[in-house]
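Inspection log for the structure reproduced underneath, given as structure tokens.
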Amino acid sequence: MKKFRAESSNPSRIKLLETFDNSFPDRNYLIIHRANEFTSVCPKTGQPDFGVITISYIADRKCVELKSLKFYLQSFRNEGIFYENVINTILDDLVKVMKPRWIEVKGEFSVRGGLNSTVTASKGKKLH
């Protein structure tokens, strides 16, 4: 199992993310992507973690391409990483490649040991 180092993003993972030009850069509109089958690994126990990742954003000049986003999210599959680190890493990486006006990443993780967890992180001011 890989160990996660919180001090740096994975440059090879960020390279998976592709963008395309926003056709309506003068308009604020909300884009929501939902990945229902997100998986990673608990860095303490090595057990798989399952969750739903929802990415909501108001684009500026760039939007994220969906196939690349799918491969990016799948790259966490064997990563030993805490929920909080997953969500904040996704947020940081998407901000880096898109520079959106506003973005929120929410992870709703399945029950483990009788507890379920939701982690939400955002950046920018929601204009909608």
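Does Asn36 count as farther than 25 Å from Ser110 by Cα and touching a strand residue (DSSP E or B) at 6+ places or on another chain (Cβ under 8 Å)?
no
Can you spot a residue in the stretch 44-67 that is of a type in the set (Gly, Ala, Ser), in contact with a Gly (Cβ under 6 Å, 6 or more places away or on another chain) and either modelled with pLDDT of 95 or more or in a helix (DSSP H, G or I) (or both)? Yes; the residues of the stretch 44-67 include at least one that is of a type in the set (Gly, Ala, Ser), in contact with a Gly (Cβ under 6 Å, 6 or more places away or on another chain) and either modelled with pLDDT of 95 or more or in a helix (DSSP H, G or I) (or both). Search the stretch 67-81 for residues being more than 9 Å from the chain's Cα centre (by Cα) and either closer than 14 Å to Thr54 by Cβ or among the basic types (Lys, Arg) (or both), and hand back the single one that is surrounded by the fewest Cβ atoms within 10 Å (Cβ to Cβ). If we take residues in the stretch 67-81 being more than 9 Å from the chain's Cα centre (by Cα) and either closer than 14 Å to Thr54 by Cβ or among the basic types (Lys, Arg) (or both), then Lys67 is surrounded by the fewest Cβ atoms within 10 Å (Cβ to Cβ). Which residue is farthest from Leu16 (Cα to Cα), if the candidates are limited to the stretch 39-66 and must be in contact (Cβ under 8 Å) with a residue 24 or more places away in the chain and among the charged types (D, E, K, R)? Of everything passing the filter in the stretch 39-66, Asp49 is farthest from Leu16 (Cα to Cα). Checking each residue in the stretch 1-38 for being more than 25 Å from Gly80 (Cβ to Cβ) and either at pLDDT below 95 or more than 15 Å from the chain's Cα centre (by Cα) (or both) picks out Phe20, Asp21, Asn22, Ser23, Phe24, Pro25, Asp26, Arg27, Asn28, Tyr29, Leu30. Within the stretch 87-128, the set of residues being of a type in the set (S, T, N, Q), touching a strand residue (DSSP E or B) at 6+ places or on another chain (Cβ under 8 Å) and assigned to a helix (DSSP H, G or I) comprises just one member, Asn88. Candidates are the residues of the stretch 44-66 that are under 12 Å from the mean Cα position of the chain (by Cα) and small (Gly, Ala, Ser); the one that is nearest to Asn28 (Cα to Cα) is Ser56.
Inclusion of Glu84 among residues that are surrounded by fewer than 20 Cβ atoms within 10 Å (Cβ to Cβ), part of a strand (DSSP E or B) and charged (D, E, K, R) is not warranted.
The values are calculated or read from the model by the stated rules, or taken from the named source; none is laboratory data. Every value quoted in this text rests on a predicted model; they were computed, and no experiment measured them. All Cβ positions, glycine included, derive from the backbone under ideal geometry; neighbour counts span all protein chains shown.
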